[in-house]
Amino acid sequence: QVQLVESGGGLVQPGGSLRLSCAASGSIFSINTMGWYRQAPGKQRELVAAITSGGDTNYADSVKGRFTISRANAKNAVYLQMNSLKPEDTAVYYCNLYAPPLYDTWGQGTQVTVSS
């Protein structure tokens, strides 16, 4: 069974930075996409950024130029470096591991709060 564990959330002032980490455990198929999604109160969950096992990336327009996704395939880990954070980035951030039809697995989420 695949499990994802996120870490790195917290409270940060506007303009600050945070780095989220997600580690996958279990039997991981080598070809997959790992991503970060977020859900703010009263809003739908949305894609923030995703990266394939080959290194191709995709970002939401709202985070382009501020957030960087990366991964360490040997560690089955994915990271999200978030810079120039804004109050509207406040949300619960979820890690996702996608390798259809084998799995579409979610982490438990980590809270990111951007406030002065």
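The values are calculated or read from the model by the stated rules, or taken from the named source; none is laboratory data. Owing to the predicted nature of the structure, the values given are computational and were not obtained by experimental measurement. Every residue, glycine among them, receives a Cβ derived from its backbone with ideal geometry; neighbour counts consider all protein chains shown. To get the accessible areas, we keep the full protein, side chains included, count just its heavy atoms, and leave off ligands, DNA and RNA. Shrake-Rupley method; radii C 1.70, N 1.55, O 1.52, S 1.80 Å.
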Subset of the stretch 58-95 (residues that are within 16 Å of GLU46 (Cα to Cα), small (Gly, Ala, Ser) and in contact with a strand residue (DSSP E or B) (Cβ under 7 Å, 6 or more places away or on another chain)): ALA60, ALA91
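For every residue, the table says whether it meets (1) among the β-branched types (Val, Ile, Thr); (2) at pLDDT 95 or above; (3) touching a helix residue (DSSP H, G or I) at 6+ places or on another chain (Cβ under 7 Å).
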{"residue": "ALA40", "(1), (2), (3)": "no, yes, no"}
{"residue": "ALA49", "(1), (2), (3)": "no, yes, yes"}
{"residue": "GLY65", "(1), (2), (3)": "no, yes, no"}
{"residue": "ALA74", "(1), (2), (3)": "no, no, no"}
Subset tally (residues that are open to solvent by 60 Å² or more (accessible area, probe 1.4 Å) and assigned to a loop (DSSP other than H, G, I, E, B)) for the stretch 5-16: 2
Any hit, the stretch 26-40, residues being among the polar types (S, T, N, Q) and touching a Lys or Arg at 6+ places or on another chain (Cβ under 6 Å): yes
